[in-house]
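A short write-up of the structure that comes next.
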Amino acid sequence: MKRIRLGRILLIWGLTVSLIPIPLSANRYGSAFMEIGVGARALSMGSAACALTGDGTSFFWNPAGLAFVKRLQISGMLGNQFGSLTEPLGSHHFLGLTLPMSDKVVISANWIRLAVDGIPVYAELQGRSYFDRLHNASLRPSGEPDGTINDTEDGLIFSFARNNLWNWDLGWMYHRVKVDIPIGLNLKFIRQTLGTGSAFGIGMDAGAMVRLHINDMVQNENWGQLAFGITLQDVTRTSMNWNTKHQDPIPVNVKWGVSYVQPLPVENNFLSIAYDRDSRWGGKGHIGMEYDGFRVFSIRTGFDDGHFTAGAGLRFWTFAFDYAFLSHELDILHRIGCSVSF
């Protein structure tokens, strides 16, 4: 009964927070690197992973999904942020460790970094008006930068997840159905350095999932798993505090999702479909699909707020390799992920 109440509390909490207006002073670019996403698998599926996640990257999409990790796992991702593969304009990397403490409890530690070097700096416009600069050539900008600065953004995330197994008594069918109800929490430490300025912030995320085993409900192995997920990101209203006394408040984001994993007629072949929705910045939709063949290779595609994504995965022994292709208004992005389980 307590488990059911906890799930209801999280759901009500998420719906309530989603109705709270975003402060007018919120800066969309404060700690924006924490919204880029990690994990080539999820990214290639349009970032629709709130209800489908279940590996070492789960902390980002829904920390509750960490509860499904059963072996120690080291995960990582490499990515160029715009520009060419050989001369990128920046880099976006991730490294994490996920450690199951028991059959139900899992903890993890993860590090995300976004780095951009050589950002040009231009002098401020001189003169009191456009008229002054029009008639005085010395006040016009030359177009040449006065120098460059670097931007480095780091996020350190500690996560806790616990799975709660509930046996649902259907009554009329005289049998019980297994229902997984994991919950998870993130504690985030965020730091950004831009030129001579630096900022620091602390935030928290909370997540929950409900995974139904439809095959148990209908007593037919041809059916799969239906899952619902909700994540409250920056539920403590994270604020980036700069050494210049400026603050960038980060509004709460309510992320919810649904997924279904269908086994195919050929053994160990599965088709997964997922949909997510974010509330922050006017809302974004994400949809993705994955074909998993023999638990060895995967083909994925999706749309991330209307932008096409695709990718593939390969599993060998205890290793998993993933690739994501992401379309963007500015350029094409590539992500390469790898994980090893012990």
task = Express in Å², to the nearest 10, the accessible area of residue 44 obtained by rolling a 1.4 Å probe over the protein heavy atoms while all chains stay in place.
result = 0 Å²
ask   = All other residues with a Cβ under 10 Å from the Cβ of residue 232 taken together, and with Lys, Arg as +1 and Asp, Glu as -1, what is their net charge?
value = -1
Distance between region 188-245 and region 30-71 - C-alpha centres, whole angstrom = 8 Å
query = On full extension of the chain, what length is gained from residue 314 through residue 214, given 0.36 nm per residue of separation minus the C-alpha to C-alpha distance?
reply = 33.2 nm
note = Summing +1 per Lys or Arg and -1 per Asp or Glu among the other residues with Cβ less than 15 Å from residue 158's Cβ gives +1
query = What net charge is computed for the residues neighbouring residue 283, neighbours being all others with C-beta under 10 Å from the C-beta of residue 283, Lys and Arg scored +1, Asp and Glu -1?
reply = +1
Gained length - residue 146 relative to residue 107, 0.36 nm times residue gap less alpha-carbon distance = 9.4 nm
Accessible surface, region 241-342, averaged per residue in Å² (probe 1.4 Å) = 53 Å²
ask   = Between residue 165 and residue 221, what is the spin-label point distance in nm, taking each point 7 Å from the Cα along the Cα→C-beta axis?
value = 2.0 nm
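The values are calculated or read from the model by the stated rules, or taken from the named source; none is laboratory data. What you see is a predicted model, and the numbers here were worked out from it, not measured in a lab. FYI the Cβ positions are ideal-geometry reconstructions off the backbone, even for glycines, and counts take in every protein chain you see. Accessible surface areas use protein heavy atoms only, side chains included; no ligands, DNA or RNA. Shrake-Rupley method; radii C 1.70, N 1.55, O 1.52, S 1.80 Å.
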